[in-house]
Amino acid sequence: MKGCDISIEHVSKTFGSFNALEDATIAIKKGEFFSLLGPSGCGKTTLLRIIAGFETPDSGIVTFDGKNIIGIDPNKRQSNTVFQNYALFPHLSVFENVAFPLRIRKVDQKTINTKVMEYIHLVQLDAHVDKKPNQLSGGQKQRVAIARALINEPSVLLLDEPLSALDAKLRQNLLVELDAIHDQIGITFIYVTHDQSEALSVSDRIAVMNQGKVLQIGTPFEIYESPATEFVAKFIGETNLFDSRVVECVPYTNDEYMVTLDVPELGQKIKVTDYDETKPGQQVSFTVRPEKVRITLDEPQSNSKEINVFKGVVEEPVYSGFQSKFYVKLDNGAEIKVYAQHQNYLDDGPDIAWKDRVYVSWSANDGYIVEVINQ
Amino acid sequence: MSRPRPLSSRNYGAAYSFPMGIWFTLFFLLPIGIIVTYSFMRKGIHGGVEWQPTFDAYIQMFNSSYGKLFVRTLWVTFVSTVLAIAIALPCGYAMARSKMQTLLLFLVIIPFWTNSLIRINAWIAILGNEGFINETLMKLGIIKESLPLLYNESAVILVLVYMYLPYAILPIFTAMDKFDFSLLEAARDLGATKPQSMFKVLLPNVRAGIVTAIIFTFIPIFGAYTVPLLVGGKDSYMLGNIVVDQVTKVRNWPLASAFSMVITVVSTVGVLWMMGTSAREAARVKGARVKQEGAL
């Protein structure tokens, strides 16, 4: 397989008094589609610029296949970048933009012609070879930028929010194409984005960052289903978060514990399973995703003790086609978000309406403890 | 019956440009017309012309040693322009990337507050035998006799570059200021060295500014006469000096007019050629590729 392993070890960078990166350590595997995800100012772009060679870290090293690349000029690295603002050369045609890296390497014209057309074909721009960048749409510009970054056959493609300037529909299409190109070429992709849905849909693994720190590294499934911190839980998708206190923690299955939490906001104790042992009295954050909460008009029929049930009133139902969102006010005043999928055709519209009295419930398996606040 | 058009839709464009038309005719076309006419007349004894058409002035111009002077003028102008542009490029680049742009721009413009003759004389004070440089070097014991810094071609070129440098810096700065410097990062990322990124990405994108800068420096330097007169020796005379001499001393107005025509024609041709380069370059690049593809 082409591409290379990338190891980011204890990388820190400050700009004046601003800590852009604090002790970032990430190991990226050969051929992986790896995303750096976080809000603006979280350090993801700084990290990408360090890998590309535009910034030098204050401490720490970055290695490509075990070789330290800090101090090597950007033009000597095996990485190429797709920039957020495309950074196409305005004085050159599409053809010449893509040919630029080859011309720098003094490749002969015949090879240039075949190779450039091959990459222009890869990004489906055959009809636009002779156009200048200012004659192209945003999506076409970004395709040129992708072809130009790939033509040198780098081991790593760095993508700095490449789709953020495009409209939603186009973004989706180009994302699927990028994924296809990744599968076809097989090199390592490092994708910087603040858009969690982009990161979840294409990445093999994701590093979630905030305020210069790497908070969690994992597959999209791990990041979404078991966020390591409150920030990750809130940043990835929608969730309901509650501060709570551990009342009891007893072994449940082979590797799981059944934890009883006291949640002051909800006014009653809840059950949740967790892989880690916690001690009674510990403060923790508890979260349950809105789509894991069931909403029913009748009391859920379950004898299981592992189900958490609350009564409340629908404050605001939001119908959005494939699903409905309900903001439910519980009897003790707390609010909880519930998303219900519409799996069958609903003759009379969603059967739960505004001001309906409802039961919301979730099983102990569907909630999780995200962060132990103080040990 | 036709309805009156609303005021706003009437096209007053031509009317508005009328004063400019008058200005252009009075101060540009008319004088040039007079010069062209005079250059084909017989010279009057005490200046002026006699109204007899003749090619005398042109014959005189081509028959004498003026050819050498023409070449030298062209040479001095070429060297001065190249130097001015070579200095203006890094200046413009630094200004465009600086955080103190306004201050730097201000510093470039400050010399215009002083009369050019005074500024040339300042150079005489610096370069002269008892000037600043010679005095300093002598006091330091580096030289015993003063160096001949003044009244030669180098002095002319130095002062010309100094005089016209702001005209080169300003258009180049304007072009650099519009340049997206992240393109240099892109070039570096794609394998270009620092010099390659400058020559292959920065320069082509500020080309228009460079062309303007060349036009703004080449034309006035080609017609310059005060600088060679004041800091140049007898052998650093330029075409402009001949024109002045022919008008004020020799009183051969047709010859002066003929030389003026040379200056005007060379400048105009130069400008047109410069303005055409960009278009030709684009056509050449595209043509080369099409040819290559055909060969495949």
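Laboratory data are not the source of any read-out in this text; all were calculated from the coordinates shown. Predicted model, so just to flag it, every value in this text is computed and none were measured. When we count neighbours, we look across all protein chains shown, and the Cβ atoms used for this are built from the backbone with ideal geometry, even at glycine.
With a cap of 13 neighbouring Cβ atoms within 10 Å, and only residues DSSP puts in a loop, list the GluC sites (Glu not before Pro) found in region A:193-263.
A:E238
With n ≥ 4 as the cut-off for DSSP H runs, can you work out [θ] at 222 nm for the protein assembly as shown, using -39500 (n - 2.57) per run divided by the number of residues, rounded to the nearest 500?
The per-residue figure over the protein assembly as shown is -13500 deg cm²/dmol.
Name the residues whose placed amide hydrogens come within less than 5 Å of the amide hydrogen of A:C4, ignoring near sequence neighbours (fewer than 5 apart) on the same chain.
Residues meeting the amide H criterion: A:G31, A:T188.
Can you give the relative contact order of region A:6-234 as a percent, counting alpha carbon pairs under 8 Å and 6+ residues apart?
Relative contact order here is 29 percent.
Please go through region A:241-331 and write out the trypsin sites (Lys or Arg not before Pro) that DSSP classes as loop and that have at most 16 other C-beta atoms within 10 Å.
A:K305
Give, rounded to the nearest 20 debye, the magnitude of the charge dipole that region A:93-247 has about its Cα centre when Lys and Arg contribute +1 at Cβ and Asp and Glu contribute -1 at Cβ.
Dipole of region A:93-247, to the nearest 20 debye: 660 debye.
What is the distance in Å between the Cα centroid of region A:132-207 and that of region B:136-153?
65
Between region A:319-344 and region B:58-96, what is the C-alpha centre distance in whole Å?
A separation of 79 Å, based on Cα centres.
In the protein assembly as shown, what is the volume of the convex hull around the alpha carbon atoms, normalised per residue and reported in Å³?
Once divided by residue count, the hull of the protein assembly as shown is 330 Å³.
Would you mind working out the magnitude of the charge dipole of chain B relative to its Cα centre, with +1 at each Lys and Arg C-beta and -1 at each Asp and Glu C-beta, to the nearest 20 Debye?
So the dipole magnitude of chain B works out to roughly 840 debye.
Positive end of the charge dipole of chain A (Lys, Arg +1 and Asp, Glu -1 on Cβ, about the Cα centre): tell me which of A:V314, A:A180, A:Q211 has its Cα farthest that way.
A:A180
Sort out the exposed loop trypsin sites (Lys or Arg not before Pro) in chain B (DSSP loop, at most 11 other Cβ within 10 Å) and tell me the longest stretch that has none.
That gives B:145-248 as the longest site-free run.
Ordered by packing density, taken as the mean number of other Cβ atoms within 10 Å over each peptide's residues, highest first, how do B:44-56, B:152-164, A:68-80 rank?
B:152-164, A:68-80, B:44-56
Going toward the positive end of the dipole of the protein assembly as shown, with +1 on Lys and Arg Cβ and -1 on Asp and Glu Cβ, which of B:V262, A:I61, A:S363 do you reach last?
Working it through, the farthest residue towards the positive pole turns out to be B:V262.
Indicate the gyration tensor shape class of region B:52-172 (rounded, prolate or oblate), computed on the Cα atoms with a ≥ b ≥ c the square roots of the eigenvalues: a/c under 1.5 is rounded; otherwise a/b larger than b/c is prolate and the rest oblate.
Oblate, because a/c is 1.5 or more while a/b does not exceed b/c.
With the dipole of the protein assembly as shown worked out from charges on the C-beta (+1 for Lys and Arg, -1 for Asp and Glu) around the Cα centre, which of B:L137, B:T212, A:V192 lies farthest toward the positive end?
With unit charges placed on the Cβ atoms, the residue in question is B:L137.
From other protein chains only, count the Cβ atoms within 10 Å of every residue's Cβ in B:191-201, then give the mean.
Neighbouring Cβ atoms belonging to other protein chains average 4 per residue here.
What shape does chain A take by its C-alpha gyration tensor, where a ≥ b ≥ c are the square roots of the eigenvalues and a/c under 1.5 counts as rounded, a/b above b/c as prolate, and the rest as oblate?
Verdict is prolate for chain A.
Around A:V370, what is the net charge, scoring Lys/Arg as +1 and Asp/Glu as -1 over all other residues with Cβ under 12 Å from its Cβ?
Overall, the nearby charge balance is -4.
Averaged over its residues, how many other protein chain Cβ atoms are within 10 Å of peptide A:143-156's Cβ atoms?
Averaged over the peptide's residues, the number is 1.
What whole-number distance in Å separates the alpha-carbon centres of region A:231-309 and region B:178-236?
69
So if I place +1 on the C-beta of Lys and Arg and -1 on the C-beta of Asp and Glu, and nothing else carries charge, what would the dipole magnitude of region B:68-236 be about its Cα centre? I want it in debye, nearest 20.
Charge dipole of region B:68-236: 200 debye, to the nearest 20.
Give me A:Y275, B:Y58 sorted ascending by neighbouring Cβ count inside 10 Å, so fewest comes first.
Fewest to most other Cβ atoms nearby, the residues stand as A:Y275, B:Y58.
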